[in-house]
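A short write-up of the structure that comes next.
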Amino acid sequence: MIDIHCHLMVGVDDGAKDIDEAKEMIRLAKEEGIKEIIVTPHYTLELKRVYETKFEELQKLACREGIILHKGCEYKLQDAVVQKGELITLADSEFVLVEVTQTFLTEYVLNQIYDLKLCGYEIIIAHPERSFKGKDIEKLKKLGEMNVYFQLTAGSFLGMFGKQAQKLSQELLEIGLCHFVASDAHNSKSRSFCFKETRKYLKTIYTEEGNIDLLFENNPKAVFSKNEKVVTKHFKKRNFFERLFKK
């Protein structure tokens, strides 16, 4: 599996606080079956100065566990617009991970995203199920029509971020607005990976069992492979009896 959103870099944001925490996170990622991780610290002006040194430090740790690391960053939308042309993209691709911190989607926000796309970036919206509410679905659909992609958090499907985020994550998956499931891991305890548990849950709930791999493997791989495309799928829930026998 491939994790495209992880706060593994030490001492630059609210992720890994020290090298021991990073080591433990890498160990847990390996246990979860994760083979590759895109390291996505929150963007700050200071980050650009220390990024290369911090990344090389992590690479050495990950190499010992057989995990491949790629460079990346998580931008607030307003920062991405200001820094456009100099963005740290995911794995040196055209994809950029963007967090929309506004509590609702205005036309201004939509225009900012469109502006980034005009610059040649492929936009992945980070954890929309945690940022927005059900009333925003129509505007999220509009983003989908603009070929904007969506990354949902593994823990959201398990209720780790509350019932509202859990419900919206399922709704987005069912209408084709979930292209990636990522950990958004920040530490080794309260905000870890939970990939195996989430995959098992989704395969129990949804009929497209084989398509679950799209979210954890195929689509993430397409981020840094020019020969593959991100695929959009609508997922359908199993009925009561299908779920009963699936268990």
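The values are calculated or read from the model by the stated rules, or taken from the named source; none is laboratory data. Fair warning: this is a prediction, and the values are worked out from it, not measured in the lab. When we count neighbours, we look across all protein chains shown, and the Cβ atoms used for this are built from the backbone with ideal geometry, even at glycine.
Out of (1) touching a residue at least 60 places away in the same chain (Cβ under 8 Å); (2) of a type in the set (A, V, I, L, M, F, W, C); (3) surrounded by 21 or more Cβ atoms within 10 Å (Cβ to Cβ), what's the single condition that is false for residue 28?
(3)
I'd like the full set of residues that are farther than 19 Å from residue 184 by Cβ, among the acidic types (Asp, Glu) and not in a loop (DSSP other than H, G, I, E, B), limited to region 57-87.
Matches in region 57-87: 57 only.
For region 136-153, which positions are of a type outside the set (A, V, I, L, M) and assigned to a strand (DSSP E or B)?
149, 150, 151, 153
Under 9 Å between Cβ atoms, at least 6 apart or on separate chains: pull out the pairs that start in region 111-122 with a residue that is assigned to a loop (DSSP other than H, G, I, E, B) and end on any residue that is modelled with pLDDT under 95 and surrounded by fewer than 18 Cβ atoms within 10 Å (Cβ to Cβ).
If the second residue must be modelled with pLDDT under 95 and surrounded by fewer than 18 Cβ atoms within 10 Å (Cβ to Cβ), the pairs left are 119/84; 119/85; 121/84.
Which of the residues that make up region 173-216 are over 24 Å from residue 122 (Cβ atoms), modelled with pLDDT of 90 or more and in a loop (DSSP other than H, G, I, E, B)?
The answer is 186, 187, 188, 192, 193, 194.
If I filter region 141-171 down to residues being aromatic (Phe, Trp, Tyr) and farther than 19 Å from residue 229 by Cβ, which single residue comes out as surrounded by the fewest Cβ atoms within 10 Å (Cβ to Cβ)?
This residue is 161.
When you go through (1) touching a residue at least 40 places away in the same chain (Cβ under 8 Å); (2) assigned to a helix (DSSP H, G or I); (3) among the β-branched types (Val, Ile, Thr) one by one for residue 38, which number turns out not to apply?
(2)
Residue 53 fails exactly one of the following numbered conditions: (1) β-branched (Val, Ile, Thr); (2) in contact (Cβ under 8 Å) with a residue 12 or more places away in the chain; (3) in a helix (DSSP H, G or I). What is the number of that condition?
Residue 53 satisfies every listed condition except (2).
Restricting attention to region 100-140, which residues are basic (Lys, Arg), surrounded by fewer than 18 Cβ atoms within 10 Å (Cβ to Cβ) and touching a helix residue (DSSP H, G or I) at 6+ places or on another chain (Cβ under 8 Å)?
If the condition is that a residue be basic (Lys, Arg), surrounded by fewer than 18 Cβ atoms within 10 Å (Cβ to Cβ) and touching a helix residue (DSSP H, G or I) at 6+ places or on another chain (Cβ under 8 Å), then 133, 139 are the ones that fit.
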